[in-house]
Amino acid sequence: MRVVIVEDNVLLQEGLSLLLSTSGFEVTAAVGTADDFLAAIDQRQPDIAVVDVRLPPTFRDEGLRAALTARRQFPGLPVLVLSQYVERTYAAELVASGQGAVGYLLKDRVSRVDEFLDALRRVAAGGTAMDPQVVAQLVTAGRNPLDRLSPREREVLALMAEGQANTTIARRLVVTERAVSKHIGNIFSKLDLPPTDSGHRRVTAVLTYLNAGTG
Amino acid sequence: MRTATRAIRYLLGGGPTAIAALLALLAVATSAVLSLVGIGIPLLSWALSGVRSLAGAEQRRATRLLGPANSGRQPFDPVGSGREPSDPVGFERRWAPDRDRTGRPRLGMVLRDPGTCRDLLWLALHGTTGLPAAACCLALGLFAVAGLVTPLVWWIPPAEAPMTFVVPITDWPRALTLAPLVAIVSLAALRWAVPVAGVAVARAYHALLTPSVRSRLSARVAELTATRAGALDAHAAELRRIERDLHDGAQARLVAIAIQLAVAQRQRDAAPQIADQLVEKARAGVEDALAELHEVVRSVYPPILADRGLPGAIHALAAACPVPLTARIAPLDRLPAAVETAAYFVIAEALTNIAKHSAASRAGLWLTHENDRLVVRITDNGVGGADESRGTGLAGIRRRAAALDGYADVSSPPSGPTELRVELPCAS
């Protein structure tokens with residue numbers, strides 16, 4: 001799988017390159033600025049881009065903006081955004097930038113190599129990967145619609161919002177897949193969402209719904 | 001002539017206010033005595049507040065007579081402390097940060113205010129002289145009228161009870177000279193002497209009630225010294241907190257990780273399983289250390305503030321607030337980082353309070369930049385009755401505002417609504 005890495009910190013850039021190339025990925029470009037990023041996608045046509053939120057020149061949210069621009073220019077381009085901290089506003093903007101194929105993870109997660117690579121593959125395949133911290137911020141924000149969910153349903157929703165598939169959820173919660181489907185059906189009906197089977201669309205639906213709740 | 005009329009009106013008007021002053025003097029004295037046994041303390045603060053508004057009204061009356069050009073002072077504030085023109089004594093502004101729940105200034109603050117002493121001096125002066133002055137004015141008027149009328153009517157009363165005007169008026173010569181003379185003298189006094197006296201009284205009151213430039217400057221210096229000391233204390237406490245968080249948290253964890261890795265290295269060949277476990281432990285430790293570092297960074301300067309500026313950061317806060325919040329943010333230039341950070345934490349704290357305690361169904365946030373002051377106003381329709389003594393939230397907000405020489409004002413009557421207003425000066 002062809003990956004473009006966008007990270008201005010040389011240490012982290014090297015670390016990510018090392019991690020990905022030793023895990024069977026092909027790092028086609030490793031760049032440090034937003035402009036180089038857009039040029040690299042154009043030339044190398046990667047399967048996925050891994051982008052740091054803070055890039056020069058101002059080290060604010062250039063990386064996020066570049067990722068959003070890239071997804072406008074190349075619709076459907078899978079982008080995994082890494083950040084030193086998580087901010088729900090950014091997660092909402094990414095989710096709103098298209099149908100799936102986005103990920104937003106805390107940089108710390110990279111050290112859990114298997115989970116990180118799993119998230120990367122999921123996003124490249126058009127799915128979604130949300131950092132558990134973002135999801136936790138959403139779920140614990142205490143919105144009224146979520147009060148209707150049972151604790152178990154909340155757990156399922158949290159894992160669902162991370163972008164996990166039903167099999168993974170079943171394994172994590174040590175229940176059968178049928179039980180998970182039943183919980184998900186209940187969640188959709190309690191939150192007035194039309195049920196679909198597509199991994200990223202349900203996350204989109206959940207996140208959009210939760211963000212819309214803030215009015 | 002108009003000056004005379006205005007001076008007469010001023011001195012006559014001093015009569016009723018002198019009576020009010022006497023009553024106030026009585027109230028202050030009574031509550032001061034009662035304060036010795038405790039129950040008068042709220043009364044005293046209430047009475048002194050009354051005196052302050054009485055003094056303010058009297059000062060406005062004096063200024064009306066003197067006219068802004070004649071007041072002997074420039075209308076602008078030479079100290080530049082941002083006091084509003086409607087508040088010449090600077091009372092509202094200076095007392096605003098220290099009110100109790102009913103909106104009444106706390107007694108300690110009232111007593112420390114140098115204006116209180118001036119108020120009391122004025123009260124004693126006006127209470128004793130105001131009424132006689134008004135009476136003199138009235139008497140002069142009556143003399144003038146009587147002096148003019150007497151020559152016409154002196155012959156009406158019977159001879160055994162003649163009209164008396166200084167001396168009994170019993171014949172025409174007396175009636176035509178003495179009475180008009182008194183009238184002329186009275187009128188002359190009203191025309192020339194009363195305006196001089198009125199202006200003198202007004203000047204005296206004005207001088208007494210308006211803090212001198214010098215005393216205002218020294219009050220301002222005292223205020224700045226206090227806020228600077230507060231700011232330094234807050235800063236020092238903040239540095240200690242950060243140092244402690246890093247020292248006891250991330251730093252200690254990193255040491256532990258280094259040890260685990262070193263042991264793992266030594267055990268690699270002898271006991272690969274133990275080495276594996278240690279490496280796994282070390283990795284988990286790194287995650288914890290990072291999480292702690294995130295917290296520290298967030299508490300020093302929120303990353304979203306660095307990324308998106310104050311408006312973006314507030315929108316993020318608003319989105320995370322469980323109570324539906326309407327935020328109106330005026331266009332802002334980039335402000336000093338200290339002001340932005342303080343505003344951010346003040347808003348974050350206020351929204352947390354609303355979410356936790358207010359039981360509100362709606363909240364509003366206004367952010368404007370007026371006269372080089374950042375003004376934050378946050379309201380909610382909740383239960384009110386916010387009590388500063390119960391938590392650290394409101395005190396923290398005050399401390400943050402005071403450290404920047406700003407102020408925070410909370411109004412939260414028992415059944416709501418609650419309104420928090422914070423002003424932060426942002427001149428560089």
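Does the stretch B:316-325 contain any residue that is more than 7 Å from chain A (Cβ to nearest Cβ), in contact with a Phe, Trp or Tyr (Cβ under 7 Å, 6 or more places away or on another chain), open to solvent by less than 30 Å² (accessible area, probe 1.4 Å) and in contact (Cβ under 8 Å) with a residue 40 or more places away in the chain? Looking through the stretch B:316-325, none of the residues is more than 7 Å from chain A (Cβ to nearest Cβ), in contact with a Phe, Trp or Tyr (Cβ under 7 Å, 6 or more places away or on another chain), open to solvent by less than 30 Å² (accessible area, probe 1.4 Å) and in contact (Cβ under 8 Å) with a residue 40 or more places away in the chain.
Residues of the stretch B:264-281 include none that is closer than 23 Å to A:TYR85 by Cβ, touching a helix residue (DSSP H, G or I) at 6+ places or on another chain (Cβ under 9 Å) and either touching a residue at least 40 places away in the same chain (Cβ under 8 Å) or part of a helix (DSSP H, G or I) (or both).
All conditions in (1) among the β-branched types (Val, Ile, Thr); (2) more than 14 Å from chain B (Cβ to nearest Cβ); (3) farther than 27 Å from B:ILE314 by Cβ hold for A:VAL110, with the sole exception of (2).
Which of the residues belonging to the stretch B:350-395 are of a type in the set (D, E, K, R) and farther than 24 Å from B:PRO425 by Cβ? Talk me through it step by step, then tell me what you get.
To start, the set of residues in the stretch B:350-395 that are of a type in the set (D, E, K, R) comprises B:356, B:362, B:370, B:372-373, B:377, B:380, B:387-388, B:390.
Across the stretch B:350-395, the qualifying residues are B:LYS356, B:ARG362, B:ASP380, B:ASP387, B:ARG390.
In the stretch B:293-312, the qualifying residues are those that are within 19 Å of B:ALA252 (Cβ to Cβ) and within 11 Å of another protein chain (Cβ to nearest Cβ), and the one that is most open to solvent (accessible area, probe 1.4 Å) is B:GLU295.
Based on what the data block shows, is B:GLY285 out of contact with any strand residue (DSSP E or B) (no Cβ under 6 Å at 6 or more places or on another chain), open to solvent by less than 40 Å² (accessible area, probe 1.4 Å), assigned to a helix (DSSP H, G or I) and at the interface with chain A (Cβ under 10 Å from one of its Cβ atoms)? No. In this structure, B:ARG240 does satisfy being more than 30 Å from B:LEU12 (Cβ to Cβ), at pLDDT 90 or above and either loosely packed, with under 13 Cβ neighbours inside 10 Å or of a type outside the set (Gly, Ala, Ser) (or both).
Filtering A:GLY100, A:GLY63 for residues that are in a loop (DSSP other than H, G, I, E, B), open to solvent by less than 20 Å² (accessible area, probe 1.4 Å) and in contact (Cβ under 8 Å) with a residue 40 or more places away in the chain leaves a single hit, A:GLY100.
Within this structure, A:LEU120 passes the test of being more than 14 Å from chain B (Cβ to nearest Cβ) and under 20 Å from A:LEU20 (Cα atoms).
Taking B:LEU351 as the residue in question, decide whether it is open to solvent by less than 50 Å² (accessible area, probe 1.4 Å) and closer than 30 Å to A:PRO56 by Cβ.
On the way: open to solvent by less than 50 Å² (accessible area, probe 1.4 Å): yes; closer than 30 Å to A:PRO56 by Cβ: no.
No.
Screening B:TRP366 on (1) out of contact with any strand residue (DSSP E or B) (no Cβ under 8 Å at 6 or more places or on another chain); (2) assigned by TED's automatic domain parsing to the domain that holds B:ARG400; (3) at pLDDT 90 or above shows it passes everything except condition (1).
Confirm whether B:LEU44 is at pLDDT 80 or above, farther than 22 Å from B:THR210 by Cβ and in contact with a Gly (Cβ under 9 Å, 6 or more places away or on another chain).
Answer is no for this residue.
Within the stretch B:328-343, track down each residue that is within 19 Å of B:TRP366 (Cβ to Cβ), in contact with a helix residue (DSSP H, G or I) (Cβ under 8 Å, 6 or more places away or on another chain) and open to solvent by 30 Å² or more (accessible area, probe 1.4 Å). If the condition is that a residue be within 19 Å of B:TRP366 (Cβ to Cβ), in contact with a helix residue (DSSP H, G or I) (Cβ under 8 Å, 6 or more places away or on another chain) and open to solvent by 30 Å² or more (accessible area, probe 1.4 Å), then B:ILE329, B:LEU332 are the ones that fit. Residue count for the stretch A:83-97 satisfying the condition of being out of contact with any Phe, Trp or Tyr (no Cβ under 6 Å at 6 or more places or on another chain), touching a residue at least 24 places away in the same chain (Cβ under 8 Å) and either in a helix (DSSP H, G or I) or more than 24 Å from A:ARG202 (Cβ to Cβ) (or both): 7.
Can you name the residue in the stretch A:54-88 that is more than 13 Å from the chain's Cα centre (by Cα) and of a type in the set (Val, Ile, Thr) and is also nearest to the other protein chains (Cβ to nearest Cβ) among such residues? Looking at residues that are more than 13 Å from the chain's Cα centre (by Cα) and of a type in the set (Val, Ile, Thr), I get A:THR58. For A:ARG109, are the conditions met, namely being free of Cβ contacts under 8 Å to residues at least 40 places away in the same chain, under 30 Å from A:ASP42 (Cβ atoms), part of a helix (DSSP H, G or I) and basic (Lys, Arg)? Taking the combined requirement at face value, the residue satisfies it.
Scanning the stretch A:28-55 for residues that are closer than 20 Å to A:LEU94 by Cα and either open to solvent by less than 20 Å² (accessible area, probe 1.4 Å) or in contact (Cβ under 8 Å) with a residue 24 or more places away in the chain (or both) yields a count of 15.
Please indicate, with yes or no, whether at least one residue in the stretch A:151-173 is in a helix (DSSP H, G or I), at pLDDT below 70, open to solvent by 50 Å² or more (accessible area, probe 1.4 Å) and closer than 30 Å to A:LEU82 by Cβ. First the steps, then the outcome.
Within the stretch A:151-173, the first condition is being in a helix (DSSP H, G or I), and the residues that meet it are A:151-162, A:166-173.
Going one step further and asking which of them are at pLDDT below 70, we end up with none.
No, the stretch A:151-173 has no match at all.
For the stretch B:351-383, a tally of residues being more than 22 Å from the chain's Cα centre (by Cα) and either among the acidic types (Asp, Glu) or farther than 16 Å from B:ILE314 by Cα (or both) returns 11.
When the stretch B:256-282 is filtered for residues that are within 14 Å of chain A (Cβ to nearest Cβ) and modelled with pLDDT under 90, nothing remains.
I need a count of the residues in the stretch B:172-206 that are of a type outside the set (Ser, Thr, Tyr) and open to solvent by less than 60 Å² (accessible area, probe 1.4 Å).
Of the residues in the stretch B:172-206, the ones of a type outside the set (Ser, Thr, Tyr) are B:172-176, B:178-185, B:187-204, B:206.
From what's left, open to solvent by less than 60 Å² (accessible area, probe 1.4 Å): B:175, B:178-180, B:182-183, B:188-190, B:193-195, B:197-202, B:204, B:206.
Total satisfying the criteria: 20.
Close Cβ contacts (under 8 Å, 6 or more residues apart or on different chains) running from residues in the stretch B:5-21 that are more than 10 Å from B:ALA202 (Cβ to Cβ) and touching a residue at least 24 places away in the same chain (Cβ under 8 Å) to residues that are surrounded by fewer than 19 Cβ atoms within 10 Å (Cβ to Cβ) and of a type in the set (S, T, N, Q) comprise B:ALA18/B:THR129. Within the stretch B:264-282, the residues that satisfy the criterion of being open to solvent by 60 Å² or more (accessible area, probe 1.4 Å) and closer than 30 Å to B:VAL296 by Cα are B:GLN277, B:VAL279, B:GLU280, B:LYS281. Looking at the stretch B:386-408, which of its residues are surrounded by 15 or more Cβ atoms within 10 Å (Cβ to Cβ), touching a Lys or Arg at 6+ places or on another chain (Cβ under 9 Å), closer than 21 Å to B:VAL323 by Cβ and touching a residue at least 40 places away in the same chain (Cβ under 8 Å)? Passing the criteria: B:GLY393, B:ALA408.
The values are calculated or read from the model by the stated rules, or taken from the named source; none is laboratory data. Treat the numbers as computed from the prediction; the structure is a model and nothing was measured. Virtual Cβ from ideal backbone geometry, glycine too; neighbours counted across all protein chains shown. Ligands, DNA and RNA are stripped out before the accessible areas are found, and what is left, the full protein with its side chains, is counted by its heavy atoms. Shrake-Rupley method; radii C 1.70, N 1.55, O 1.52, S 1.80 Å.
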